[in-house]
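Just so you know, all these numbers are worked out from the coordinates, no wet-lab data involved. Everything numeric here is computed off the predicted structure, so don't read it as measured data. Cβ coordinates were reconstructed from backbone atoms using ideal geometry, including for glycine residues, and neighbour counts include every protein chain displayed.
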């Protein structure tokens, strides 16, 4: 990545539409519920997303969420995202997503994606994937990630996916309490764990874990900064300024909206460059 030419690095963007696989409308009710919750139905292709970020001179980390076991929906191929990252290596990085229920087969896939396709990290969503982060089922996958000293992003807090559906679509919010990551942080100190989003209703748990475990980071995606809890801004300005990361959750929030609100949200001027780019450069191994 030619990070010196970029104004920021967005650590949290989603691949929404596959151009390799036919559209899978199974479980589409989750999409409709999410559209209502977020007030957005944008579903750009990977190429459209990359073109948008290139125009804005913002680097991006992109991933899908493999929830084939819990939701029964065909995932977007990790390889499709990797191909896009290889073609746009000056400003894009690919993370992979593998359903932890795939066990050792998932671990084999992770190794192949790292060694043959250049994957630079992994994304997990405990609520949508239907697992507890400390479940030993996921250990074979974590072991591969730790062996290669790569980062892993974990969704935390409330989930817009399933919100408003009967029984919440059967998805358990409790799986995404950030404190459930503590065993992972202890047993895998070579994994840089990124807690995604303001972790409402567990914001204090996320801050405590990051303060206590030096391999835990927080990305600020999924919310406009003007709605961030005061304690999140406080620690971003002080004790955790080196482990806070810009993320938008695109296409749900655009980076320009996030960055405009960020300037008005009480972040110190000397801290803003750390959050927008410098911390991400360290996390991704560019410095």
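The figures follow:
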{"quantity": "By average C-beta atoms within 10 angstrom, highest first, the peptides 205-213, 225-233", "calculated": "205-213, 225-233"}
{"quantity": "Linear extension gain, residue 47 paired with residue 174, 0.36 nm per residue minus alpha-carbon span", "calculated": "42.3 nm"}
{"quantity": "Spacing of the two label points (7 Å from each Cα toward its C-beta) at residue 256 and residue 36, in nm", "calculated": "3.1 nm"}
{"quantity": "Where only alpha carbons of the chain are counted, the Rg and the Dmax (Å)", "calculated": "17.3, 48"}
{"quantity": "Contour minus Cα-Cα distance for residue 136 and residue 213 (0.36 nm per residue)", "calculated": "25.7 nm"}
{"quantity": "For the range 3-93, the spread of Cα positions along each principal axis, largest first, Å", "calculated": "41, 29, 19"}
{"quantity": "Estimated FRET transfer efficiency (residue 90, residue 112; beta-carbon r; R0 22 Å; 0.05)", "calculated": "0.35"}
